[in-house]
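Below: one structure, written as structure tokens.
The values are calculated or read from the model by the stated rules, or taken from the named source; none is laboratory data. None of these values were measured; they are calculated from a predicted model. Positions of Cβ are generated from backbone atoms using ideal geometry, with glycine treated the same way; all protein chains shown enter the neighbour counts. Calculation scope for accessible area: heavy atoms of the full protein, side chains included, ligands and nucleic acids excluded. Shrake-Rupley method; radii C 1.70, N 1.55, O 1.52, S 1.80 Å.
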Amino acid sequence: MASAESQPRFGQSVKGLLSEKVGSCSGDVIALTRQVLKGSRSQELLGQAARNMVIQEDAILHSEDSLRKMSIITTHLQYHVEHSKNLQDQLRHLLK
């Protein structure tokens, strides 16, 4: 009869251990799910950052192009100002 009494205790302890393990695994699955969701959100943020960077690169390239054009225009204007000064000097000399 002693073995008959020990059998339910053994079954109960196994059930208890199994219940603990299931609870522990459930907690691990929940933690893993949270980590995967964080990783997914991180991927979204990285993708958005990459898209924003491409947009900024395009804006920088456009700005550089505009600056080059403005530099050329400035050079032309300086030339014309100098040329007009020379013409003014020549006119003054002729009018004397």
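For K69 paired with H93, estimate the spin-label separation in nm (one decimal), with each label point 7 Å from Cα along the Cα-to-Cβ line.
It is 3.9 nm.
Return the carbon/sulfur percentage of the accessible area of the chain, one whole number, probe 1.4 Å, all protein chains in place.
On the way: 5770 of 9060 Å².
Roughly 64 percent, rounded to a whole number.
Check the straight Cα-Cα distances from K85 and name the lysines below 29 Å, setting aside those fewer than 8 residues away within the same chain.
K69, K96
Of (1) 38, 29, 21; (2) 32, 26, 25; (3) 141, 14, 9, which is the value of Cα extents along the principal axes in Å derived from the coordinates here?
(3)
Could you report the chain's accessible area per residue, 1.4 Å probe, as an integer in Å²? Don't skip to the end; give the middle numbers.
Numbers: 9060 Å² over 96 residues.
Result: 94 Å² of accessible area for each residue.
Cα axis of helix 2-95 to longest principal axis of the chain: angle in degrees, 0 to 90, nearest 10?
0 degrees
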